[in-house]
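Chemist: What follows is a structure written as structure tokens; I'll ask about it next.
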Amino acid sequence: DAGVTQSPTHLIKTRGQQVTLRCSPISGHKSVSWYQQVLGQGPQFIFQYYEKEERGRGNFPDRFSARQFPNYSSELNVNALLLGDSALYLCASSLPRGETQYFGPGTRLLVL
Amino acid sequence: QKEVEQDPGPLSVPEGAIVSLNCTYSNSAFQYFMWYRQYSRKGPELLMYTYSSGNKEDGRFTAQVDKSSKYISLFIRDSQPSDSATYLCAMSAQESGGSEKLVFGKGTKLTVNP
């Protein structure tokens, strides 16, 4: 069975640019969450979506936005990139009432 | 005080050793407790999931939760070089609006030497 998939795997951008990251959840999972993991730290919660509705938002600026599509896939957008946005961006999917979240391989973003 | 505290290590043990990994937390609303394993440059892989207090065993892995002390542990028996990875504890509480965000520790880097 396919797990959570994310694209692209790596990305290099310059300050001020915009980036879109994509995630496809495990088949049957309707909830998608996004996390940012800076080197040497644990993942930090950014967003959770369920049935195309935002269900939770972490302490991130408005430059970060996301959406979920009818097929439950999701996009994370980051505008006006800063050097500090360089990180591994992780997507996780779960069942509607599932506290267990399953992670994808992540997208590694480098901002120069 | 951070919500979840985890000693980042690094921790180095010989093959076959029993490994003990721990986290403490401050939010008494946490009900769900997880351990993830993360290999270098990969996404976290779910190892163990526990609801509320108690023990759970799966093969060489045992997870313990002590809610009265706000303390969780993961034990690895007969450790193998393939167990070398970063171990992340994570926990969540049912929030208003239904959000189930995970709060992670910093992770403990473990090396098992042959």
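The values are calculated or read from the model by the stated rules, or taken from the named source; none is laboratory data. These numbers come from a predicted model, not from an experiment. Cβ placement follows ideal geometry from the backbone for every residue including glycine, while neighbour counts extend to all protein chains displayed. Ligands, DNA and RNA are excluded from the accessible area calculation, which covers all protein heavy atoms including side chains. Shrake-Rupley method; radii C 1.70, N 1.55, O 1.52, S 1.80 Å.
Chemist: Could you check region A:44-112 for strands (runs of 3 or more DSSP E) lying wholly inside it with 3 or more residues that are within 17 Å of A:SER24 (Cα to Cα)?
Modeler: Qualifying strands (runs of 3 or more DSSP E): A:44-50, A:64-68, A:74-78, A:87-94.
Chemist: Also, I was wondering about something else. Can you tell me which residue is modelled with the lowest pLDDT among those in region A:48-94 that are open to solvent by less than 30 Å² (accessible area, probe 1.4 Å), over 17 Å from B:GLY43 (Cα atoms) and within 11 Å of chain B (Cβ to nearest Cβ)?
Modeler: Among them, the one singled out is A:GLY56.
Chemist: Would you be able to say whether some residue in region B:46-64 is among the charged types (D, E, K, R), within 13 Å of chain A (Cβ to nearest Cβ), part of a loop (DSSP other than H, G, I, E, B) and within 13 Å of the chain's Cα centre (by Cα)?
Modeler: No: region B:46-64 contains no residue that is among the charged types (D, E, K, R), within 13 Å of chain A (Cβ to nearest Cβ), part of a loop (DSSP other than H, G, I, E, B) and within 13 Å of the chain's Cα centre (by Cα).
Chemist: Of all residues in region B:71-99, which are buried (at least 21 other Cβ atoms within 10 Å of the Cβ), modelled with pLDDT under 95 and out of contact with any Lys or Arg (no Cβ under 8 Å at 6 or more places or on another chain)?
Modeler: Matches in region B:71-99: B:MET91 only.
Chemist: Now for a different question. When the residues of region B:7-32 are filtered to those that are modelled with pLDDT under 95 and within 11 Å of chain A (Cβ to nearest Cβ), which remaining residue is surrounded by the fewest Cβ atoms within 10 Å (Cβ to Cβ)?
Modeler: Among those residues, the one meeting the criterion is B:PRO8.
Chemist: Quickly run through region A:9-43 and pick out the residues that are in a loop (DSSP other than H, G, I, E, B), within 14 Å of the chain's Cα centre (by Cα) and within 9 Å of another protein chain (Cβ to nearest Cβ).
Modeler: A:PRO43
Chemist: Of (1) surrounded by 15 or more Cβ atoms within 10 Å (Cβ to Cβ); (2) touching a Gly at 6+ places or on another chain (Cβ under 8 Å); (3) at pLDDT 95 or above, B:LYS42 satisfies all except one. Which?
Modeler: (3)
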